[in-house]
Amino acid sequence: MAVYKADAIVIRSREYGESDKLITLFSREKGKLEAVAKGVRKPKSKQRGGTQLFTYADFLLYKGRNLDIVNQVNPKESFIHLWDDFDRMIAASGVAELLDAATLREQAEPQLFTLTLGSLFLMKIVDPYIVQATFALKILKFIGLLPGLDRCVSCGKQLKGEQIFLCVDDGVMCQTCKKDKYGMMVSPGSAAFMQQLLSVNIDRLDRLRWSKKMKEEIHQSLMFYSENKLEKRLLAWRTGNEM
Ligand SMILES: [Zn+2]
């Protein structure tokens, strides 16, 4: 059987069969992968910790006919800070589920890998919902679903300091062009903050602060936009929205 290595993060983990887990990995080399981790729900399994959600590890996998199989896991980081705190857990789950929804299997996206790994680390020191919102804006831009926020896609008007309309079909629009289109209005303050999140280097996120109102509005509009664009319900995002 062919064996391959993956430098990867566990972005989804669910029970499978009697004592196995089916895990979704996001790897540096191959993008999203799915694999079975056999027997890891048994108390004595050595691989138990390595297949937990968010674990960053070196994996050795067997190429299976249908599903690949985890042969070895050497964890490098288990992100204890995400498990210690409810908000961090919800925000990190939001990152993982959006990454899963926005990517296809076996397409290497090293930039997204770096962004995801960096986001999980950053949640230790930065408001986790700011990290989640930044991740969403950057991944939506990366896959081309929301390229920019500063210009109306219809008339080209600059939208600096103005309300923006997140139109599900077309992207960002001005108030005049939105007419009866399906989407969500974002206030000037939140729009400017989103613009900042989109362009900031994530290492500088610790300098940014938002108000409760902006947090709610940005979270809700990104959830609405992503769910409609990706045609998928984002459960962790919905939980976060109620916080
Ligand atoms: Zn316009």
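Identify, from the list 124, 138, the residue that is of a type in the set (D, E, K, R) and either under 21 Å from residue 186 (Cα atoms) or not assigned by TED's automatic domain parsing to the domain that holds residue 211 (or both).
On the way: 124 fails: either under 21 Å from residue 186 (Cα atoms) or not assigned by TED's automatic domain parsing to the domain that holds residue 211 (or both).
After ruling out the rest, the residue left standing is 138.
Out of (1) out of contact with any Pro (no Cβ under 9 Å at 6 or more places or on another chain); (2) away from the ligand (no atom under 16 Å from the Cβ), the odd one out for residue 141 is which?
Failed condition: (1).
This table checks each residue for (1) modelled with pLDDT of 95 or more; (2) surrounded by 21 or more Cβ atoms within 10 Å (Cβ to Cβ).
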{"residue": "35", "(1), (2)": "yes, yes"}
{"residue": "40", "(1), (2)": "no, yes"}
{"residue": "45", "(1), (2)": "no, no"}
{"residue": "61", "(1), (2)": "yes, yes"}
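Scan segment 201-216 and tell me whether some residue there is small (Gly, Ala, Ser), in contact (Cβ under 8 Å) with a residue 40 or more places away in the chain and away from the ligand (no atom under 16 Å from the Cβ).
Among the residues of segment 201-216, not one is small (Gly, Ala, Ser), in contact (Cβ under 8 Å) with a residue 40 or more places away in the chain and away from the ligand (no atom under 16 Å from the Cβ), which makes the answer no.
Mind listing whichever residues of segment 72-93 are closer than 12 Å to residue 37 by Cβ and buried (at least 17 other Cβ atoms within 10 Å of the Cβ)?
Restricting attention to segment 72-93, the residues satisfying the condition of being closer than 12 Å to residue 37 by Cβ are 72-73.
73 - this is the single residue of segment 72-93 that is closer than 12 Å to residue 37 by Cβ and buried (at least 17 other Cβ atoms within 10 Å of the Cβ).
For a quick check of your reading of the model, give me the residue pairs whose first member lies in segment 167-179 and is under 12 Å from residue 228 (Cα atoms), whose second is of a type in the set (Gly, Ala, Ser), with beta-carbon atoms closer than 6 Å and at least 6 apart or on different chains.
If the second residue must be of a type in the set (Gly, Ala, Ser), the pairs left are 167/183; 168/183.
Do we have any residue at all in segment 152-165 that's under 21 Å from the mean Cα position of the chain (by Cα), in the same structural domain as residue 96 (by TED's automatic domain parsing) and either within 16 Å of the ligand (Cβ to nearest atom) or buried (at least 20 other Cβ atoms within 10 Å of the Cβ) (or both)? So that I can check it myself, show each step before the final result.
Going through segment 152-165, the residues under 21 Å from the mean Cα position of the chain (by Cα) turn out to be none.
No: segment 152-165 contains no residue that is under 21 Å from the mean Cα position of the chain (by Cα), in the same structural domain as residue 96 (by TED's automatic domain parsing) and either within 16 Å of the ligand (Cβ to nearest atom) or buried (at least 20 other Cβ atoms within 10 Å of the Cβ) (or both).
Would you point out which residue out of 135, 113, 142 is over 25 Å from residue 170 (Cα atoms) and either surrounded by fewer than 22 Cβ atoms within 10 Å (Cβ to Cβ) or touching a residue at least 40 places away in the same chain (Cβ under 8 Å) (or both)?
Working: 135 fails: over 25 Å from residue 170 (Cα atoms); 142 fails: over 25 Å from residue 170 (Cα atoms).
Sole residue among the options that is over 25 Å from residue 170 (Cα atoms) and either surrounded by fewer than 22 Cβ atoms within 10 Å (Cβ to Cβ) or touching a residue at least 40 places away in the same chain (Cβ under 8 Å) (or both): 113.
In the set 214, 185, 173, which member is surrounded by 13 or more Cβ atoms within 10 Å (Cβ to Cβ) and out of contact with any Ser or Thr (no Cβ under 8 Å at 6 or more places or on another chain)? Before the answer, list the steps.
On the way: 214 fails: out of contact with any Ser or Thr (no Cβ under 8 Å at 6 or more places or on another chain); 173 fails: out of contact with any Ser or Thr (no Cβ under 8 Å at 6 or more places or on another chain).
None of the other options fit; the residue is 185.
The values are calculated or read from the model by the stated rules, or taken from the named source; none is laboratory data. In this text the structure is predicted, and so the values were computed from the model without any measurement. Reconstructed Cβ throughout: ideal geometry from the backbone, glycine too, with neighbour counts over all protein chains shown.
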